[in-house]
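Structure first, commentary second.
The values are calculated or read from the model by the stated rules, or taken from the named source; none is laboratory data. From a predicted model like this one, the values you see are computed outputs, not experimental measurements. Ideal geometry is used to build each Cβ from the backbone, glycine not excepted, and the neighbour counts take in all protein chains shown.
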Amino acid sequence: MRLTVLGGCGAWPTADQACAGYLAEHAGFRLFVDPGYATFPRLLRHAPAASVDAVLISHGHPDHCAGLNPLLRARALADDPPPALPVYAPHGALDAVLTLDRPGMLAAAYRLHSFRPGDRLRIGPFTAETRLLPHHVPNAGIRLSAAGSVLAYTGDTGPSPDIAHLAEGADVLLSEATYARRVPAADAPYLLTAELAGRYARQAGAARLLLTHLWPGSDPAAALEAAGETFTRPAGVAVADLVLDF
C-alpha cells in the first residue's frame, strides 16, 4: 500500500498546507480519503482527476470533504467524462457539499454509498472497517487494509479506547492531533492531543505514527515532542507530498 499526503491542516488551509486529504493506492487502484479544503490542486500533482477510482469520507466537516466538489466538477465537465465515481460517506455527511451546484449538474459524476460508522466496506482492493469515534458530528475511524498492510485513520476524534483497537498492529496510525498537549475544555471530548495520539499508538502496537489535523500555525516540532513522550517508534507529521510505502 502507498499513502500520499495531500494535506493535514485542521479547520482551514494555510498558504503552505491543505486540509485533510490522503491518497491510498494499491494494485493500481486510487482511493481518495477525505478530500478537504484545498486538497484538489494537491491531488493534481500526483494524479489526474479522472484517475481517482473511489472516495472515502470520515465525516461531514468541510475541512474533510469540501474538495469533493471541484473533483466532481473536473470529472463531470470534462470533454470525455469518466464513469460515475463511487463515493462512500456516513449518512447525510455530504448533504451540503452535494448541493453546492444547480440540481442535477453533477448527478452523473458520482454514485453515493452511504454507511454507518461500524460498517465494513469493500472498496476495490481495500477493506475498510469503520468505527464510530467521538466528534461534533458522526465520525468514522477507518481501518484500511490491503494485502496484509494496514492504515488506521482516526478522522477527527476525541479521546476513546476504540482508537487503540482501530489501530491494533497497524503499519501506520494516521491520527488527529489538533493540539500538542492540551485541548480547550469546550472541545476536549471531540479533539485529541499529540500526546494522547502517541499513547494510543503505543497501546495499539502501531509500527509508525503520523500526526495530522494540527491547528493552523501550530509548531509541528512541539507536536512530535509531545507524541514522543509516549511513543518511541518512528513518528512524523502529515505534510503535503509526503509518501509512505508499507
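Only one residue in 112, 98, 72, 94 is under 24 Å from residue 134 (Cβ atoms) and either in a strand (DSSP E or B) or not basic (Lys, Arg) (or both). Which one?
On the way: 112 fails: under 24 Å from residue 134 (Cβ atoms); 98 fails: under 24 Å from residue 134 (Cβ atoms); 72 fails: under 24 Å from residue 134 (Cβ atoms).
None of the others qualify; the one that does is 94.
For region 173-196, which positions are among the charged types (D, E, K, R) and under 17 Å from residue 20 (Cα atoms)? Steps first, answer last, please.
From region 173-196, those among the charged types (D, E, K, R) are 176, 181-182, 187, 195; that's our starting set.
Result: 176, single match.
Under the condition of being in contact (Cβ under 8 Å) with a residue 40 or more places away in the chain and touching an Asp or Glu at 6+ places or on another chain (Cβ under 6 Å), which residue from region 180-217 is farthest from residue 229 (Cα to Cα)?
Residue satisfying both the conditions and the ranking: 213.
Scan region 74-100 and report the pairs whose first residue is free of Cβ contacts under 8 Å to residues at least 60 places away in the same chain and whose second residue is of a type in the set (Phe, Trp, Tyr), with Cβ atoms within less than 6 Å and a gap of 6+ or a chain change.
84/110; 85/110; 87/110
Determine whether region 1-18 contains at least one residue that is surrounded by 19 or more Cβ atoms within 10 Å (Cβ to Cβ) and more than 20 Å from residue 214 (Cβ to Cβ).
Looking for residues that are surrounded by 19 or more Cβ atoms within 10 Å (Cβ to Cβ) and more than 20 Å from residue 214 (Cβ to Cβ), one finds at least one in region 1-18, hence yes.
Considering only region 42-53, state which residues are farther than 13 Å from residue 73 by Cα, assigned to a helix (DSSP H, G or I) and more than 16 Å from the chain's Cα centre (by Cα).
Answer for region 42-53, where residues must be farther than 13 Å from residue 73 by Cα, assigned to a helix (DSSP H, G or I) and more than 16 Å from the chain's Cα centre (by Cα): just 51.
Just checking, how many residues over region 1-41 are assigned to a loop (DSSP other than H, G, I, E, B) and within 14 Å of the chain's Cα centre (by Cα)? Step through it out loud before you land on a result.
Restricting attention to region 1-41, the residues satisfying the condition of being assigned to a loop (DSSP other than H, G, I, E, B) are 1, 8, 10-18, 20, 27-28, 34-38.
Narrowing the set further to residues that are within 14 Å of the chain's Cα centre (by Cα) leaves 8, 10-11, 18, 20, 34-38.
The number of residues fulfilling the criteria is 10.
Considering only region 229-246, how many residues are in contact with a Lys or Arg (Cβ under 9 Å, 6 or more places away or on another chain) and more than 18 Å from residue 199 (Cα to Cα)?
Residues that pass the stated criteria total 6.
Is it fair to say residue 240 is modelled with pLDDT of 95 or more and buried (at least 18 other Cβ atoms within 10 Å of the Cβ)? Full working, then the answer.
Numbers: modelled with pLDDT of 95 or more: yes; buried (at least 18 other Cβ atoms within 10 Å of the Cβ): yes.
Yes: the conditions hold for residue 240.
Kindly provide the set of residues from region 28-50 that are touching a residue at least 40 places away in the same chain (Cβ under 8 Å) and under 17 Å from residue 239 (Cβ atoms), ordered by number. First the steps, then the outcome.
Of all residues in region 28-50, those touching a residue at least 40 places away in the same chain (Cβ under 8 Å) come to 29, 31, 33-34, 42, 45-46.
Within region 28-50, 33, 34, 42, 45, 46 meet the criteria.
For the list (1) buried (at least 24 other Cβ atoms within 10 Å of the Cβ); (2) of a type outside the set (S, T, N, Q); (3) under 20 Å from residue 43 (Cα atoms), I need the number of the one condition that residue 200 fails.
Going through (1) buried (at least 24 other Cβ atoms within 10 Å of the Cβ); (2) of a type outside the set (S, T, N, Q); (3) under 20 Å from residue 43 (Cα atoms) one by one, residue 200 breaks only (3).
Looking at this structure, is residue 183 at pLDDT 95 or above and farther than 22 Å from residue 32 by Cα?
Details: at pLDDT 95 or above: yes; farther than 22 Å from residue 32 by Cα: yes.
When the stated conditions are applied, residue 183 passes them.
Restricting to region 54-67, and then to whatever is of a type in the set (A, V, I, L, M, F, W, C) and in a loop (DSSP other than H, G, I, E, B), can you tell me which residue is nearest to residue 133 (Cα to Cα)? Can you show your working first?
Initially, region 54-67 is screened for residues of a type in the set (A, V, I, L, M, F, W, C), giving 54-57, 65-66.
When the remaining residues are screened for being in a loop (DSSP other than H, G, I, E, B), the result is 57, 66.
Numbers: 57: 14, 66: 21 Å.
Checked region 54-67; the qualifying residue nearest to residue 133 (Cα to Cα) is 57.
Mind checking whether some residue in region 148-159 is surrounded by fewer than 16 Cβ atoms within 10 Å (Cβ to Cβ), of a type in the set (A, V, I, L, M, F, W, C) and under 24 Å from residue 121 (Cβ atoms)? Please lay out each step first, then the result.
Kept after step one, since they are surrounded by fewer than 16 Cβ atoms within 10 Å (Cβ to Cβ), are these residues of region 148-159: 148.
Narrowing further to those that are of a type in the set (A, V, I, L, M, F, W, C): none.
No, there is no match, as no residue in region 148-159 is surrounded by fewer than 16 Cβ atoms within 10 Å (Cβ to Cβ), of a type in the set (A, V, I, L, M, F, W, C) and under 24 Å from residue 121 (Cβ atoms).
Kindly establish whether residue 227 is of a type in the set (A, V, I, L, M) and closer than 15 Å to residue 176 by Cα.
yes
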